[in-house]
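Single-structure report; data block below.
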Amino acid sequence: MRRPIIGIAANEIEDAGAKLYHLPICYTPCGYVKAVQNAGGLPLLLPVGSPELAKAYVTQIDKLILAGGQNVSPTLYGEVNQVKEATVSDERDQFELALIKEALAQKKPIFAVCRGLQLVNVALGGSLYQEISATKIAHMQVPVSREIPTHQIRTEEMSILRKIYGKETTVNSFHFQAVKKLAETLKVTAFSEDGIIEGVESKDSNVAFLGVQWHPDFAYDYLEQEMAVFRYVVEEL
C-alpha cells in the first residue's frame with residue numbers, strides 16, 4: 001500500500017554552531033519526521049523558499065504539517081512588534097502563507113503545531129496575543145523537560161481532539177504567543193484552564209484542518225496520546 005506523503009514545512013538557522021562549522025542550515029525537529037514515519041507516512045521536508053514554489057511543493061504531497069518556531073510577524077495582522085526580543089522570519093512567514101493558501105486551494109489536509117496554528121489563524125483573518133500576560137499557567141515550561149505534560153486542557157464535544165485526547169488531558173507547553181481573535185472560518189476545540197486557545201479546527205467540513213498549541217512532536221515517543229494524533233493525521237485527516 002502506498003504511504004501518504006506528508007510535507008513538513010522546514011525552518012532555517014543562520015549559524016548552526018561550531019560543530020557544524022557555523023553553517024546556515026535547513027532543518028525540522030526530528031519528532032515530526034519520526035512520528036510520521038512511525039504512523040506509516042512518508043515525510044518530505046519543504047525548505048523555506050520563494051512563495052512561487054508553494055504550488056509545486058503542495059502538488060507533490062498528500063498532507064501538510066506546519067511546525068513550531070519563530071513568532072509570527074505582527075505586521076501580518078496589522079500590529080507593530082511590541083516584544084523586543086521576539087524572533088521572526090519574514091521569509092518563512094511568506095513561504096508558509098503561500099503553502100497554506102495552496103493547500104486550501106488543492107484541498108490538502110493541514111496539521112499545524114504551535115506557530116503553525118497561529119499562522120493559519122492569521123492567514124484566515126485572525127490575530128494573536130504578541131505575548132501572553134501572566135496567568136496561573138506557565139505556557140513556557142522551560143526548564144521542565146519537553147516531553148513532560150504541565151497543564152490541563154479541555155476538549156470540545158464532537159471534535160477531532162475529543163476523539164484523540166478525551167474530555168480532559170494534560171499537555172506540554174512551549175509558547176509565548178497565542179490566538180487572540182479567532183478567524184471566522186475556524187472553531188475552538190480545546191482550551192487551557194486559563195482560557196488560552198489550545199486546539200482549533202475548521203468550521204467547514206470540507207476543509208481538513210487541525211491545529212494544536214502544544215508540541216506532540218516533543219512527546220510522540222513518550223505519551224501515547226501524542227503518537228495517536230500523528231496516526232490520525234497520517235491515516236484520517
Inside the range 29-120, counting only strands (runs of 3 or more DSSP E) that do not spill past its ends, which hold 2 or more residues that are open to solvent by less than 10 Å² (accessible area, probe 1.4 Å), of a type outside the set (Gly, Ala, Ser) and under 16 Å from His215 (Cβ atoms)? 63-66, 110-113
State yes or no: is Ala123 of a type in the set (A, V, I, L, M) and either within 21 Å of Leu97 (Cα to Cα) or under 16 Å from the mean Cα position of the chain (by Cα) (or both)? yes
Any residue at all in the range 169-183 that's in a strand (DSSP E or B), crowded, with 20+ Cβ neighbours inside 10 Å and either in contact with a helix residue (DSSP H, G or I) (Cβ under 6 Å, 6 or more places away or on another chain) or among the polar types (S, T, N, Q) (or both)? yes
What are the pairs, 6+ residues apart or on separate chains, where a residue within the range 48-70 that is more than 15 Å from Ala10 (Cβ to Cβ) has its Cβ under 9 Å from a residue that is in a loop (DSSP other than H, G, I, E, B) and of a type in the set (Gly, Ala, Ser)? Asp62/Gly41; Lys63/Gly41; Lys63/Ala208
Do we find a residue being touching a residue at least 12 places away in the same chain (Cβ under 8 Å), more than 21 Å from Lys101 (Cα to Cα) and of a type outside the set (S, T, N, Q) anywhere in the range 202-214? yes
Name the residues in the range 126-160 that are assigned to a loop (DSSP other than H, G, I, E, B), touching a residue at least 60 places away in the same chain (Cβ under 8 Å) and within 19 Å of Thr189 (Cβ to Cβ), would you? Gly126, Pro149
Leading residue by the ranking (nearest to Cys114 (Cα to Cα)) among those in the range 6-28 that are open to solvent by less than 50 Å² (accessible area, probe 1.4 Å) and at pLDDT below 90: Ala16
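The values are calculated or read from the model by the stated rules, or taken from the named source; none is laboratory data. What you see is a predicted model; the values in this text were computed from it and never measured. Reconstructed Cβ throughout: ideal geometry from the backbone, glycine too, with neighbour counts over all protein chains shown. Protein only, heavy atoms only, side chains kept; ligands, DNA and RNA dropped before computing areas. Shrake-Rupley method; radii C 1.70, N 1.55, O 1.52, S 1.80 Å.
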